[in-house]
Structures are given as C-alpha cells and as structure tokens.
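Every read-out reported here was derived from the displayed coordinates using simple, explicitly stated rules and does not represent laboratory data. A quick note: this is a predicted structure, and the numbers were derived from the prediction, not measured. All Cβ positions, even for glycine, are placed from backbone atoms using ideal geometry, and neighbour counts span all protein chains on display.
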Amino acid sequence: VQLQASGGGLVQAGGSLRLSCVVSGTIFGTNVMGWHRQVSEKERDLVASIITGGNTNYADSVKGRFTISRNNAKNTVYLQMNTLKPEDTAVYYCRFCQRGVCYWGQGTLVTVSS
C-alpha cells in the first residue's frame, strides 16, 4: 500500500487549503483514512479520520473549520481546511489503516502566516 499526499502550501491566516491523499495497492473493504499533523519534534497528532462508511472524527482544535471526506471509488481522502490559523502550521500526514495495519504517506507542509 502506498499513499501520495498533495495540496500543502503557504496561506494567510483566514485562508483555505485542500489536502488530498491517494491510496494505491491492495485495499480491502473496511478501512480508516485520516490526517495527522506534526510540529517539529512533537508527537504526530490526529487531525481527522473517516471510516469506509463515512463516520468522521475530529480533533477539538479543528472542529467547525476542517472537513474530512473520501471518495471510495478513487481511494482518495481529502481534508478541506478553512479559516486557517497560524497554529495550524505543521507537516500534515495522511494515514490509511486496514486489518490492523497502518500506512503513512509522505508529509505535506502547511504554513499559515499571520
């Protein structure tokens, strides 16, 4: 399984960005897709996740601003980020989990200027 993330960049506070992550390889029916973020050497924290059926989970810090979605036919997960804040600056990683095994994509840098 391989993950290819895209969509990071530099944006001003209050702006929006959309991240995408395409999953390729052997994919089983039930799985979880998600986004995590990491600042410097800190832990990689969950931002949002979505299961195959569409149920979602968000970190409190992004509720109401970020929306995770997925296209199962394209094996792609998206993260729409609105009303971005400087504290959202981080490297964002997509993650895909199935049958107890998780895979990470390469990080994509999101920088929010004040």
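Here are a few things to note about the model shown:
- Backbone N within the range 61-98 under 14 Å of label point (7 Å from Phe28 Cα along the Cβ vector): 97-98
- Nearby lysines by direct alpha-carbon distance to Lys85 (threshold 17 angstrom, same-chain neighbours under 8 apart not counted): Lys63
- DSSP-assigned coil residues among trypsin sites (Lys or Arg not before Pro) in the range 1-44, each with at most 10 further Cβ atoms within 10 Å: Lys42
- Pairs of alpha carbons in the chain separated by more than 21 Å make up 30% of all such pairs.
- Extension reserve of the Cys97-Ser20 stretch, reckoned as 0.36 nm per residue once the Cα distance is removed: 26.1 nm
- In loop segments of the range 24-78 as defined by DSSP, the chymotrypsin sites (Phe, Trp or Tyr not before Pro) with at most 16 further C-beta atoms inside 10 Å of their C-beta are Phe28.
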